[in-house]
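> This is the structure, below, for whatever I ask next.
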Amino acid sequence: MKGLKKLWNENRVMLVLGLIVIVCIVIISIIVAQYFFGVNASNYGNRLDNIQELPFTDEAKSLIESGFESENTVSCSVDVRGKIVYVLVKFNDQVSLTDAQNKAIEVYNSMEEKYRKVYDFNVTVMQDKTENAGGYSLMGSKNVSASNFKWSNNTPIEDGE
């Protein structure tokens, strides 16, 4: 007991600092372990908890693709990630930018109401630059809670020269 008392009296400051360092190392270790190894959550957090109740079916995808089908459509693809429906449509040189926007809104409005209440809609309309058309690349999105589409500025297609 005398040895401990002597050690305490001679090294009191160092012992207290050592104890503080040990406590800090333990606390930091716990925080790091929880941050890197703690929760195995999805990238989307809890936003997709109810997605199983209304999955976006292949039939719904094909309805979107068929909505864009015309002699002026070069390609159309639909990709669903989480609660966002991504649509990429490429038109030929006969379709104006305004017509492309209107077609995207028309196809969105033709989707079933149950999907429009759950899924966000993101559409990209494109046209290559040709002799007859200036080309464009435009993105529009419609959030579930938004009343209408929000469109990006038209990105003109630059010459590769």
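The values are calculated or read from the model by the stated rules, or taken from the named source; none is laboratory data. Computed from a prediction, not measured in an experiment: that's the story for all the values here. Here Cβ is always computed from backbone atoms with ideal geometry, including for glycine, and neighbour counts include all displayed protein chains. Each accessible area value is taken on the protein alone, full model and side chains, heavy atoms only, with ligands, DNA and RNA left out. Shrake-Rupley method; radii C 1.70, N 1.55, O 1.52, S 1.80 Å.
> With the requirement that a residue be polar (S, T, N, Q) and modelled with pLDDT of 90 or more, what does region 29-61 give you?
Ser29
> Out of the residues in region 112-145 meeting the condition of being open to solvent by less than 20 Å² (accessible area, probe 1.4 Å) and of a type in the set (A, V, I, L, M, F, W, C), tell me which one is modelled with the lowest pLDDT.
Taking the candidates together, the pick is Ala133.
> Pairs needed: first member in region 61-80, touching a residue at least 12 places away in the same chain (Cβ under 8 Å); second member anywhere, open to solvent by 60 Å² or more (accessible area, probe 1.4 Å) and assigned to a helix (DSSP H, G or I); C-beta distance under 7 Å; at least 6 residues apart or different chains.
Matching pairs, first to second residue: Gly67/Ser110; Cys76/Glu65; Val78/Glu65.
> Of the numbered conditions (1) free of Cβ contacts under 8 Å to residues at least 12 places away in the same chain; (2) part of a loop (DSSP other than H, G, I, E, B), Thr98 fails exactly one; give the number of that condition.
Against the list (1) free of Cβ contacts under 8 Å to residues at least 12 places away in the same chain; (2) part of a loop (DSSP other than H, G, I, E, B), Thr98 comes up short only on (2).
> Ser75 fails exactly one of the following numbered conditions: (1) open to solvent by 40 Å² or more (accessible area, probe 1.4 Å); (2) within 18 Å of Lys150 (Cβ to Cβ). What is the number of that condition?
(2)
> Also, quick follow-up: Applying the selection to region 130-155, what residues are touching a Lys or Arg at 6+ places or on another chain (Cβ under 7 Å), outside any strand (DSSP E or B) and closer than 12 Å to Leu97 by Cβ?
The one that is touching a Lys or Arg at 6+ places or on another chain (Cβ under 7 Å), outside any strand (DSSP E or B) and closer than 12 Å to Leu97 by Cβ: Gly135.
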